[in-house]
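Structure first, then comments.
Taken together, the values in this text are just the output of simple stated rules run on the coordinates, not laboratory data. Quantities reported herein were computed from a predicted structural model and do not represent experimental measurements. With ideal geometry, Cβ positions are generated from the backbone for all residues, glycine too; neighbour counts draw on all protein chains shown.
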């Protein structure tokens, strides 16, 4: 047996271990403080300032907060639209994703073709997919309305109608269901076959098998899909912005200031409003207040996500 | 238990042509097959038809693209040439490749040591570090963009370029760190122990043992990051909008539509050209990709 390590050597070893850990973590430690910690503190600072990005910032107390939360006309519609999308889009995506995932596991012939076909739209860059959908659904010459017209179904104006703009965005998001399809497919294939056989012996029908075998074993994945869906939808920006801009038909050259959320602010989301306030109206204070509102909601959802049941943080941590 | 359930099952019917239980089972299976594949074909139409219409319109003549017709009279492949000749379009390609290429390289290099430490080192604050990584991953980019923009624009004078988007990637991207860490957890500790017995230091263990074993995980984060950069619209809008020479494809495509507002055919050709690289990359790296997607949700 080796003799016990003397204390100073042990201490040296521990210091070396600590330095080693710090060394490996250093890229992230720097990145986290410079590109996350600093801007977060600065956002809080600017939320109490009047700052137009030219003259030096000027302390105004809670005025920005009062303005955003009680007076700003666009805050209400933006919050409503974001919440609408969070509820409707996430719910439909999870249901549709689960449906397509189950369908894929049942396909016997041409499974590879179908799987690829269902997955590909998810890969389409959001701007490209949105441009494509604005074309497909345009009320003048769009193929969708041509077909609907030919079979005699009254066609809505989609992205040009305040009532249909958000449902059109939901349709676009269902087109890109590939990510959820893969996650659900993997979860469904993990359900032990014997359990289905046992349920069948007990006389369970299709619904019974889903309710008592499939559902209990996929609930963690469903929960995961819901919570990550909520987080993603709170950031919903590109598709809504591009759809609104293109459908409005305004030609945009650099520097043009447009009213966001065409038609009638129906596609204006909270992240878009941050951009409009901060980079078009140069109202830095109000934009930072709105950022912080978004931050608080995002943190609340993330806390929920890190509960053990949502499965993101492994139990052994 | 088993006997009771068995007796409650209905006895096979003995009348008619379907009386034979085997034939009936075969018929049920056939009906099931037809039902599943009918639904599958209907769903496939929903997913594939948008691509088809976009493609058909992209080869129409200018006049026909203004009509509501669905099938091109003549196939104008020259539309694609016109798109490539649009001023700026090739620059957008170059910029997209620069952003996605360098961004991916930086992300992978910085994520590997961090993910390794988070997966395999035992140290105080590891749980806190993981929580912070996940929190930054979940955070809307709009939350911190304003002070960040002010630093890049006013202190470093780098707005109008893509560097404010590329440089931070050398300092660890939370999503990539998280994904890679989940992958590294699956590598047994014994490999690391035996490398140490052979006299490898931590860095050598990482480079010689872990990185080769983690290739699928590294491929997955590289792909995700490449796609993220290629698809990014918000970043270029903040930092590159003022300077058209720095636009990427994702950002330029929208202005393309504005400039050619009546030419749906050219816009659709450009749209397909923006989608194409991503889809081609996917076909070459399908396995790594699906691995990455399942890694986000199922494992860990």
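Hey, can you rank A:53-63, B:181-191, A:23-33 by average C-beta count inside 10 Å, highest first? Spell out each step's value before the answer.
Working: A:53-63: 11.3, B:181-191: 15.5, A:23-33: 19.2.
Top to bottom by mean Cβ count within 10 Å: A:23-33, B:181-191, A:53-63.
Mind pulling up the Rg/Rh value for the stretch A:1-95? Radius of gyration and Kirkwood radius, both on Cα. Display every interim value, and only then the final one.
Details: Rg = 25.4 Å, Rh = 19.2 Å.
Reported Rg/Rh (Cα atoms, Kirkwood Rh): 1.32.
How much length is gained if the chain between residue A:148 and residue A:195 is pulled fully straight, taking 0.36 nm per residue apart and subtracting their Cα-Cα distance, in nm to one decimal? Please list the in-between numbers first.
On the way: separation 47, 0.36 × 47 = 16.92 nm, distance 4.49 nm.
Extra length from residue A:148 to residue A:195 when fully extended: 12.4 nm.
Take every residue in peptide A:15-25, count the Cβ atoms of other chains within 10 Å of its Cβ, and give the average of those counts.
On the way: counts 0, 0, 4, 2, 0, 6, 10, 2, 4, 13, 12.
For peptide A:15-25, the averaged partner shielding equals 5.
Based on alpha-carbon positions alone, could you give the equivalent ellipsoid semi-axes of chain B from the gyration tensor, as √(5λ), descending, whole Å?
Working: eigenvalues 376, 306, 54 Å².
In descending order the semi-axes read 43, 39, 16 Å.
Roughly speaking, what is the centre-to-centre gap between the stretch B:132-147 and the stretch B:85-100 when only Cα atoms are used, to the nearest Å?
So the two Cα centres are separated by 28 Å.
Two decimals is fine: what is log10 I(q)/I(0) at q = 0.06, 0.07, 0.12 Å⁻¹ for the protein assembly as shown, from a Debye sum with one equal scatterer on every Cα and no solvent?
Scattering profile of the protein assembly as shown, log10 relative to I(0): -0.38, -0.51, -1.33.
Distances over 19 Å make up what percent of all Cα-Cα pairs in the stretch A:58-148?
On the way: 2863 of 4095 pairs.
Roughly 70 percent, rounded to a whole number.
Quick check on the protein assembly as shown: helices-only [θ] at 222 nm, where DSSP H runs of length 4 and up contribute -39,500 (n - 2.57) each and the sum goes over total residues. Nearest 500, please.
About -20500 deg cm²/dmol.
What Kirkwood hydrodynamic radius do you get for the stretch A:40-191 when you take the inverse of the mean 1/r over all pairs of distinct Cα atoms, in Å?
Working: mean 1/r = 0.0518 Å⁻¹.
By the Kirkwood definition, the hydrodynamic radius is 19.3 Å.
Where does the stretch A:202-252 land on the Kirkwood hydrodynamic radius, alpha-carbon pairs, in angstrom? Provide the component values of the computation, followed by the final result.
Values: mean 1/r = 0.0693 Å⁻¹.
Result for the stretch A:202-252, one decimal place: 14.4 Å.
How do B:98-104, B:267-273 rank on mean C-beta neighbours within 10 Å, highest first? Walk me through the numbers before you get to the answer.
Working: B:98-104: 20.9, B:267-273: 25.4.
Top of the packing list down: B:267-273, B:98-104.
Which percent of Cα pairs goes in each bin when the distances of the stretch A:144-207 are cut into 5 angstrom slices starting at zero?
In order of increasing distance, the bins hold 4, 13, 11, 13, 11, 9, 10, 10, 9, 9, 2 percent.
Stretch residue B:81-residue B:31 to full length: gain in nm at 0.36 nm per residue minus the Cα-Cα span? Write down the numbers at each step before the final one.
Details: separation 50, 0.36 × 50 = 18.00 nm, distance 4.93 nm.
The residue B:81-residue B:31 span can extend by a further 13.1 nm.
Going by Cα centres, the stretch A:98-175 and the stretch A:177-237 are how many Å apart?
If we compute the Cα centre of each part, the gap is 24 Å.
Between the stretch B:43-57 and the stretch A:24-47, what is the separation of their alpha carbon centroids in Å?
When both Cα centres are located, 44 Å separates them.
Based on the Cα atoms of chain A, what semi-axes does the equivalent ellipsoid have, where each is the square root of 5 times one gyration tensor eigenvalue, given in whole Å with the largest first?
Working: eigenvalues 306, 290, 60 Å².
Whole-Å semi-axes of the equivalent ellipsoid: 39, 38, 17.
So what is the relative contact order for the stretch B:112-213, in percent, with contacts set as C-alpha pairs under 8 Å and at least six apart?
RCO, the stretch B:112-213: 41 percent.
Using a Förster distance of 30 Å, how high is the FRET efficiency between residue A:202 and residue A:111, based on the Cβ-Cβ distance and rounded to 0.05? Please report the intermediate quantities before stating the final value.
Working: r = 29 Å, r/R0 = 0.97.
Step by step, r from the Cβ atoms, then E = 0.55.
Tell me, rounded to the nearest percent, the portion of alpha carbon pairs in the stretch A:124-171 spaced more than 12 Å apart. Provide the component values of the computation, followed by the final result.
Working: 690 of 1128 pairs.
Roughly 61 percent, once rounded to a whole number.
Contact order normalised by length for the stretch B:88-297, with contacts defined as Cα pairs under 8 Å and 6 or more residues apart; what percent is it? Show your work: numbers first, answer last.
Working: 212 pairs, mean separation 71.8, N = 210.
Result for the stretch B:88-297 is 34 percent.
If you count, for every residue in A:132-143, the Cβ atoms of partner chains within 10 Å of its Cβ, what is the mean? Let's see the in-between values first.
Details: counts 11, 2, 3, 10, 6, 1, 2, 0, 4, 7, 4, 10.
Partner-chain Cβ atoms within 10 Å, mean over residues of A:132-143: 5.
For A:17, B:120, what ranking results if the residue with the fewest other Cβ atoms within 10 Å of its Cβ goes first? All intermediate terms of the calculation are to be shown ahead of the outcome.
Details: A:17 14, B:120 18.
With the sparsest Cβ surroundings first, the list reads A:17, B:120.
Using only alpha carbon pairs under 8 Å that are at least six residues apart, calculate the relative contact order of chain A and give it in whole percent.
26 percent
What's the ranking of B:47-57, B:79-89, B:21-31 by average number of surrounding C-beta atoms within 10 Å, highest first?
B:47-57, B:79-89, B:21-31
How shielded is B:42-49 by partner chains, expressed as the average number of their Cβ atoms within 10 Å of its Cβ atoms? Please report the intermediate quantities before stating the final value.
Working: counts 0, 10, 6, 1, 8, 14, 5, 4.
Across B:42-49, the average partner-chain Cβ count within 10 Å equals 6.
Suppose we take every Cα in the stretch B:144-288 and form the convex hull; what volume per residue is that in Å³? Show your work: numbers first, answer last.
Details: hull volume 20.4 nm³, N = 145.
So the per-residue hull volume is 140 Å³.
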